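The values are calculated or read from the model by the stated rules, or taken from the named source; none is laboratory data. The structure displayed is predicted, hence computed values, not measured ones. Neighbour counts run over all protein chains shown; Cβ positions are idealised from the backbone, glycine included. Note: accessible area is taken over every heavy atom of the protein model, side chains too, but ligands, DNA and RNA are not part of it. Shrake-Rupley method; radii C 1.70, N 1.55, O 1.52, S 1.80 Å.
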Amino acid sequence: GAPVEVDISNLEPGHIMTVEWRGKPVWILRRTPEELESIEALTEEDILRDPQSEVESQQPPFAENIYRSIKPELLVVIGICTHLGCSPSFRPEVAPEDLGPDWQGGFFCPCHGSRFDLSGRVYDGVPAPTNLEVPPYRFLAENRLRIG
Ligand code: FES
């Protein structure tokens, strides 16, 4: 499939956009400073399966970090659950009633309840085996991305 170029200049902190690449949805999320702090705090707790992004199949080497990205604020991730391929929902709110007090914002898969944080890192104790997949991408300019 061909690479896709994306203009992210209108993407506000806390917002997400979706583009299609190779027939798959790719989410681009500009995280807020508070969200980056929650990602850091979650890393210290023992509730994520692969907090440091060490499973090599799930991201290019540049994203083997807790933000799973090149620039900490910008997450680029394939929006397909790593369990059976459903489409998770973006749930940025902290501790909503239906997701419980440990929820710090992230992506929730309604099919079988898999939970991913705002870096796409999978929580322990859910069916999805791995973190969401980060596609290859690079910056062509500060607000211009090339995916693929
Ligand atoms: Fe997402 Fe099963 S497909 S939890």
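Quick look at the values:
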{"quantity": "Subset of region 97-106 [without any contact (Cβ under 8 Å) to a residue 40 or more places away in the chain and open to solvent by less than 20 Å² (accessible area, probe 1.4 Å)]", "calculated": "L99, G100, W103, G106"}
{"quantity": "Single match in G100, G125 (criterion: within 24 Å of V55 (Cα to Cα) and part of a loop (DSSP other than H, G, I, E, B))", "calculated": "G125"}
{"quantity": "Qualifying positions in region 64-97 - of a type in the set (V, I, T) and within 17 Å of T18 (Cα to Cα)", "calculated": "V76, V77, I78, I80"}
{"quantity": "Of all residues in region 128-147 being open to solvent by 60 Å² or more (accessible area, probe 1.4 Å) and within 15 Å of the ligand (Cβ to nearest atom), the one that is farthest from T32 (Cα to Cα)", "calculated": "P129"}
{"quantity": "Selection count where residues are within 14 Å of the chain's Cα centre (by Cα) and basic (K, R), scope region 21-56", "calculated": "2"}
{"quantity": "Subset of region 51-90 (residues that are closer than 24 Å to L145 by Cβ, within 16 Å of the ligand (Cβ to nearest atom) and surrounded by 14 or more Cβ atoms within 10 Å (Cβ to Cβ))", "calculated": "Q58, V77, I78, G79, I80, C81, T82, P88, F90"}
{"quantity": "Residue within region 57-80 that is assigned to a loop (DSSP other than H, G, I, E, B) and over 14 Å from the mean Cα position of the chain (by Cα) present", "calculated": "no"}
{"quantity": "Inter-residue pairs, beta-carbon under 6 Å, first farther than 14 Å from N131 by Cα and in region 38-64, second part of a helix (DSSP H, G or I) and charged (D, E, K, R), 6+ apart", "calculated": "none"}
{"quantity": "Count of residues meeting criterion [without any contact (Cβ under 8 Å) to a residue 40 or more places away in the chain, surrounded by fewer than 23 Cβ atoms within 10 Å (Cβ to Cβ) and near the ligand (Cβ under 6 Å from one of its atoms)] in region 114-127", "calculated": "0"}
{"quantity": "Selection count where residues are open to solvent by 20 Å² or more (accessible area, probe 1.4 Å), not charged (D, E, K, R) and not in a strand (DSSP E or B), scope region 1-37", "calculated": "12"}
